[in-house]
Amino acid sequence: MIEIGAQVDLSHPPTRVWLALTDRALLGRWFAEAETVQGVPDRLLLHTAGLPGFEANVEVEVTERQVPELLVLACDEAGRLSELTCTVTATGQGCRLEVREATTHGAWAAEQHEPREQQLRQSLTVRLPAILDWLAFQQVDLRRNDGGMTAELPLVGARGPARARRRRHQLAAMLGGVVVFGGVAAWAALPEEPNQSAAPSSTPSLSPSPSGTPATLTATQRAAPSVRPTRTVASPTARPSRSVPVQPSRTPTSAPPPPPPLTARYDTDSSRLFGYTGEVVVDNPAGTPVGDWAVVVTLADGSTVDDVDGANWRQNGRAITFTGAAVPAGGSQTFRFDVRDNRPKARAPEACTVGGNPCTGL
């Protein structure tokens, strides 16, 4: 028995996902065109011929149904029989859909297995979420009681309090900055304290000298110590003269230039109503491979990554960090990621950097 499968976490209720699984028109939008088999209830013909991993159309019949949790189908593809099981499990954010197909008679060719599983995963992680977003948008009451458009969109969390808190934090930071700046400015404006050592301790008195020298001459002689501060002028000028010739000798003239940094290019590969698929190409212009690289993509508030192909990733708040295999000398590495963005018709992330430098294309 050969088995393939995939699963996806969806931000939609189980009833909406069940509708996309069982409605013939909706099924044709995200997986394959379907038509009913005349005279046979619960049976459909899926036009899968030509899809990756399929050699012919598939005739399916419902064998078990538990709304909205379980759907089991018996499949016949040109004599090869299989069983397709769809399980819908409610979660805190919506639900999880798991699809498994196992052969019961005959087998797929070796070259069919991987493309067939990739086709299933692509349908679940890209096309199905787009259809569910479209369904959610259709169900929004835009003119409730003729009172004008409402601000309610499906699956868009209330972010007013969070924004208010961020504004209060920003205002507090600004006020704190003003207070600190004002304190520094007031400190800088204070007058310098007089140098007690440089000033004469008392006013010289004018008194006749024993030798008959005029009083004015005696006063001048006593005030002579005030000339002492001129000694300090020469010492600062002498110190830099010793350090100036030493600095150039510390920098070797034969040091090799640093290798050029990695660069990255962003492009939106595809888009849908509430999300898009992004692609990043990391280029290495250096003459040696670079194994330690990281691309940081900043998403809009409330957006999440559903699937990544070609890189490892981790999410911290709105920042998604991608890492992967070494980038060869003069070569590149490419990875793609699917984003669920709660902004209608969003087409790109807010920012993208590699090694702290911005990616081109944004």
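The values are calculated or read from the model by the stated rules, or taken from the named source; none is laboratory data. Everything quoted here is computed from the prediction, not taken from an experiment. Counting neighbours? That spans all protein chains shown, and the Cβs are built from the backbone with ideal geometry, glycine included. Please note that ligands, DNA and RNA were not included when accessible areas were found on the heavy atoms of the full protein model with its side chains. Shrake-Rupley method; radii C 1.70, N 1.55, O 1.52, S 1.80 Å.
Charge tally around Trp18: other residues with Cβ under 12 Å, Lys/Arg +1 each, Asp/Glu -1 each, net 0.
On the basis of the beta-carbon distance and an R0 of 35 Å, Ala325 and Asp301 show a calculated FRET efficiency of 0.65. Distances between placed amide hydrogens fall under 5 Å for Gly355 paired with Ala294, Val296, all partners being 5 or more residues away or on another chain.
Put the Cα centre of the range 55-100 next to the Cα centre of the range 271-316 and the gap is 32 Å. Counting only protein heavy atoms and a probe of 1.4 Å, the accessible surface of the range 61-108 is 47% carbon and sulfur. At q = 0.30 Å⁻¹, what is the log10 ratio I(q)/I(0) for the range 79-123, with the Debye formula run over Cα points and no solvent? With one equal scatterer per Cα and no solvent, log10 I(q)/I(0) is -1.13. Assuming R0 = 30 Å, can you tell me the calculated FRET efficiency for the pair Gln315 and Arg127, based on Cβ-Cβ distance, to the nearest 0.05? Here the calculated transfer efficiency is 0.85.
Counting 0.36 nm for each residue step from Gln138 to Ala49 and taking away their Cα separation leaves a gain of 28.9 nm.
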